[in-house]
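The values are calculated or read from the model by the stated rules, or taken from the named source; none is laboratory data. Quick caveat, the model's predicted, so the values are computed rather than measured. As a convention, Cβ positions derive from the backbone with ideal geometry for all residues, glycine included, and neighbour counts pool all protein chains shown. We work out accessible area using only protein heavy atoms, side chains counted, and drop any ligands, DNA or RNA first. Shrake-Rupley method; radii C 1.70, N 1.55, O 1.52, S 1.80 Å.
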Amino acid sequence: MPDTVRLFDSMPAIKMDEVTMAARADFEVMLNGDPQDLRELSERVGTTEYFHIWGGVDHWNDCPSDYFSFNSIYFEGEDDENLIWQISYELSSLFNGASKLFWRDARPITIHKILLEGKPLDWHEPMMPLSLLRRPAISQYKWNEEVKCALRMSARLGLMILATENEDVYMLLKQFELENSWVGYYRLLETIDSHARVKGITIGEDKKERESFTFTANNYSITGFDSRHGFKDKVKASRLPVMKIDQGYAFVTKMCKSYLDQAYAQFFKFG
């Protein structure tokens, strides 16, 4: 999205105590991100109130635009502007993590501004509470419908909903979002292995591929420079093939999808 001045930039900020118990539809979280991706999501059939995306139309000039926004069921009845910002940061983080699961170079979304009834809220920096959002005050039937709608739109949105109340999905998405490196991928593998043991899941994988991944990740991200052994000793001792970072990403995402296929078989079949 181009760096342009967005609508309402010159308007005075609104204080949350001026409007009490705002409804979800009163809020608009204005986004920066990949306009093509956001357009495709906003135009798909169905929607989810967990992460309702709209935009892409300049009604004033009657033409397409690259501006998109979202609001969420988590905003319903809230009157704390900092909380609104933190929820928005968290939902954006989960979306970015889910996107990275499918595309290593996915462009992240960021928050441009949050509006309440068309007026901007004061900016609040992210607090990174690292905690589950938990299920909003909705019935089981409503939750089931939200998940169905989300999955019809995108597996990413379904993952986001599960991540609001399931620690394993939450940790996987957060780690995909935080680091795009051997350190992050090795940590992801450890997280997958840990949760697989807890759930009694056996993830089928190519043993040699795993050994190559572990060997490469350990050398790049864990051991660092080892002064006890010189270059020649290292070369002679290294018999396993070294993975490229793209291959490491492909391996860990395959492991993650295999885990999700088994842990949440009622929702996913990545194959």
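In region 41-177, what percent of the accessible surface is made up of carbon and sulfur (1.4 Å probe, ligands and nucleic acids excluded)? Summing carbon and sulfur atoms, their accessible area is 52 percent of the total for region 41-177. Peptides 248-261, 118-131 ranked from most to least packed by the mean count of surrounding Cβ atoms within 10 Å: 248-261, 118-131. Cross-link reach is defined here as a Cα-Cα straight distance under 14 Å, omitting same-chain residues fewer than 8 places apart; for Lys269 the aspartates and glutamates meeting it are Asp261. Structure note, pairs Lys207/Lys254; Lys174/Lys254; Lys113/Lys148: Cα-Cα distances above 22 angstrom occur for Lys113/Lys148.
Relative protection proxy for 172-179, 88-95, 105-112, 134-141, from highest mean packing down: 88-95, 172-179, 105-112, 134-141 (other beta-carbon atoms within 10 angstrom). Which FRET efficiency value, to the nearest 0.05, is calculated for Val198 and Ala250 with the Förster distance at 25 angstrom and r the Cβ-Cβ distance? Between Val198 and Ala250 the formula returns 0.50. Each peptide among 148-161, 23-36 gets the average number of other Cβ atoms lying within 10 Å of its residues, and from highest to lowest they stand as 148-161, 23-36. On the beta carbon distance between Trp143 and Gln36, with R0 = 30 Å, the FRET formula returns roughly 0.50.
Over all pairs of distinct alpha carbons, what does the Kirkwood formula give as the hydrodynamic radius of region 81-168, in Å?
About 14.4 Å, per the Kirkwood formula over Cα pairs.
Taking every protein chain into account, the accessible area of region 61-150 amounts to 49 square angstrom per residue (probe 1.4 Å).
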